[in-house]
Amino acid sequence: MASVRTTYQGGQGTDGTSPSGRPFVWVSLRDPGHQELAAVQAEFDLPGPLVDELGTAAKRPAVEVAGELLVAVVKTASWAADEELVRLGEVQLVLGEGFVVSVDRDAGVLERVRQDLQADPELAGAGPAAVLPCVVDHAVDGYGPVLGAINDAVEEIEEAVFTPGGPRLTERMYKLSGQVLKLRRAMAPLTELLDRLASESPPPNGERLEQRFREQRAHLQHLVEGADGLGNLLSNMLQAYQTEVSVRQNDDMRRISAWVAIWAIPTLLAGIYGMNFRHMPELGWRFGYPLVLATMAVICLVLYRGFRRSGWL
């Protein structure tokens, strides 16, 4: 639990004066407790329900206007390679007149945003509205590597799908499908958010912010389409893999059935002549035993050749 307070004057975080542009205060909270939220609520006169929302993780990206406040939720993503899991983080923002309150559930994102604002005084001169596009930038930049890592895993699976005797892939494909869906759910709502922000960018620097949001939206849409493509590919691969497994199982069953049929002949004849009745044909005949053995061999050979011809063996 930690908080950082930064004052921006003329686009730079400072302790002095000489403001230009739109100065604002940015209070950044990380996993805030009740006391920190209460202090922020009192300082900026935030509504109680909004403060309650800041204390809990949101389910999806969103942007809302609550009176004179702009409330935004941006999901971030990272890839856990060892577990092949998408880990989602979150940044909640409250933008008001002369202040920004943020709740960070993704370590490092807001620190990079501060560096962006310090490196670009003109952007920071837009006031509180400058924070949101920077947060979105880093979120969208994080989606690409995650999607690339999933794509690498999918290509690896694709090579193994039709490899005889390869590892079982069903569980891995199901798992990756879930991770693609998880990432898409984090990305897709953000496209609507960016459309809205592009049309509502405030002055000054409104045109620059609008252009930035539109560029982010185009990049994000490309990533969403990539996620859709991976999802469809995984679905098709899973269906193909299950079909291939079914075909292999059918082949195995046919081989087993063929060998059972072949060995049924010796078993049948041996069972008949093993009943030990006193009066049976060929029991007193010198060539009876060789004849039965030859009959077994001939019938088994005929069946074997027939099954080989039909592809069962």
Solvent-accessible area per residue for the chain (1.4 angstrom probe, square angstrom): 56 Å²
Of Ile272, Val25, Pro121, farthest towards positive along the dipole that unit charges on Lys, Arg, Asp, Glu beta carbons give the chain: Ile272
Accessible surface ranking that places the most exposed of Ile265, Ile256 first, with a 1.4 angstrom probe: Ile256, Ile265
Contour minus Cα-Cα distance for Ile256 and Arg5 (0.36 nm per residue): 83.0 nm
For the stretch 19-157: span of alpha carbons on each principal axis (Å, largest first): 53, 34, 23
Longest site-free stretch - the chain; sites: GluC sites (Glu not before Pro), DSSP loop, at most 14 other Cβ within 10 Å: 98-281
Accessible surface of Met253 - all protein chains present, 1.4 Å probe, nearest 10 Å²: 110 Å²
Bins of 20 Å from zero: percent of alpha-carbon pairs in the chain: 25, 34, 16, 12, 10, 3, 0
Chymotrypsin sites (Phe, Trp or Tyr not before Pro) restricted to DSSP loop in the stretch 134-188 with at most 12 other C-beta within 10 Å: Phe162
Heavy-atom SASA rank of Asp251, Asp31 (probe 1.4 Å, accessible area, largest first): Asp31, Asp251
Area of Thr163 that stays accessible when all protein chains are in place (1.4 Å probe, Å², to 10): 60 Å²
Computed over the stretch 123-232, Cα set: Rg, Dmax in Å: 18.2, 64
GNM result for the chain, Cα springs below 10 Å: residue of Leu147, Leu110, Leu301 fluctuating most strongly: Leu301
The chain: calculated mean residue ellipticity at 222 nm from DSSP helix runs of at least 4, using -39500 (n - 2.57): -20500 deg cm²/dmol
Order of exposure, largest accessible area first, which applies to Arg286, Arg217, Arg114, Arg308 with probe 1.4 Å: Arg286, Arg308, Arg217, Arg114
Farthest toward positive dipole pole in the chain [+1 Lys/Arg, -1 Asp/Glu at C-beta], among Ser177, Phe44, Val101: Ser177
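The values are calculated or read from the model by the stated rules, or taken from the named source; none is laboratory data. No experiment lies behind these values; they were computed from the predicted model shown. Because the Cβ atoms are built from the backbone with ideal geometry, glycine has one as well, and the counts that use them run over all protein chains shown. Just the protein is used for accessible areas: all its heavy atoms, side chains included, with ligands, DNA and RNA removed. Shrake-Rupley method; radii C 1.70, N 1.55, O 1.52, S 1.80 Å.
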